[in-house]
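Report on one structure; see the data block that follows.
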Amino acid sequence: MPNHPPDFEPSWLAVMGDAFDEPWMRDLRAFLVAEKAAHRVFPPGRDIFRAFWLTPFDQVRVVVLGQDPYHGAGQAHGLCFSVRPGVDAPPSLRNIFKELQSEFGGTRPAHGSLTSWARQGVLLLNAILTVREGQPMSHAGQGWEAFTDRTIEELNRRHEGLVFCLWGTPAQKKAARVDRSRHLVLTAPHPSPLSAERGFFGCRHFIRANEYLQARGRTPIQWVLPEHPD
């Protein structure tokens, strides 16, 4: 039987499939089995690779990279910073909405689903893809970093003219894997209330990403969320 999960999108599987055979991935699977036996782990297993499913490899235009998933019940669903419709926006997401309003105007959306971004080619990735309930960064150092390193490396190598928005220190460590002569790298503090005032607010990453894409003849991202999420 294949080692990769059944819901891993085919175009990603073509470039990342062998990662599931690596020793660190086998160790990570064993760690997650033990974690789930003793703790609640987020997001649910079916959503761990949701970012890859919604944004096929050949459609990626922007990468937004966060740290690890939300650690509260019902929040994380496999897209960094996003929550499902009906779930209250966590503080980091509310700060993202504040920055969006400062760049584009308008009002705060009535939902926190960023699925519309994912469907436009925005890969909403965390540096670490799972977390123990109530314990942020609890799954650091277990193998996810190697997996997301490989993700960034493949995007860097096989694409041209991507935008990488790296928010927070764990995300910014990935910058070393991006060729800045071929891609745009934008860094800012994490949008958490603990750090947003130190440079996330006013970073203008959404406008700068669109300017970069348009300068290369590519369609800009519609960052303003639709009234009704898909």
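The values are calculated or read from the model by the stated rules, or taken from the named source; none is laboratory data. All of these numbers come straight from a predicted model, not from anything done at the bench. Don't worry about glycine lacking a Cβ; one is built from the backbone with ideal geometry, like all the others, and counts go over all protein chains shown. Note: accessible area is taken over every heavy atom of the protein model, side chains too, but ligands, DNA and RNA are not part of it. Shrake-Rupley method; radii C 1.70, N 1.55, O 1.52, S 1.80 Å.
Structure values in brief
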read-out	value
Test: residue in segment 37-45 that is open to solvent by less than 10 Å² (accessible area, probe 1.4 Å) and under 15 Å from the mean Cα position of the chain (by Cα)	yes
The listed residue being in a helix (DSSP H, G or I) and open to solvent by 10 Å² or more (accessible area, probe 1.4 Å), out of 58, 68	58
Helices (runs of 4 or more DSSP H) fully within segment 74-179 counting 2 or more residues that are of a type outside the set (Gly, Ala, Ser) and crowded, with 20+ Cβ neighbours inside 10 Å	91-104, 115-119, 144-158
Any hit, segment 170-183, residues being modelled with pLDDT of 95 or more and within 13 Å of the chain's Cα centre (by Cα)	no
Subset of segment 30-46 [modelled with pLDDT of 95 or more and part of a helix (DSSP H, G or I)]	30, 31, 32, 33, 34, 35, 36, 37, 38
Test result for residue 15, among the β-branched types (Val, Ile, Thr) and assigned to a helix (DSSP H, G or I)	yes
Filtered residue count, segment 211-226, keeping only those that are under 17 Å from residue 64 (Cβ atoms), open to solvent by 70 Å² or more (accessible area, probe 1.4 Å) and aliphatic (A, V, I, L, M)	1
Criterion (under 27 Å from residue 108 (Cα atoms), of a type outside the set (Phe, Trp, Tyr) and loosely packed, with under 15 Cβ neighbours inside 10 Å) met by exactly one of 194, 186	194
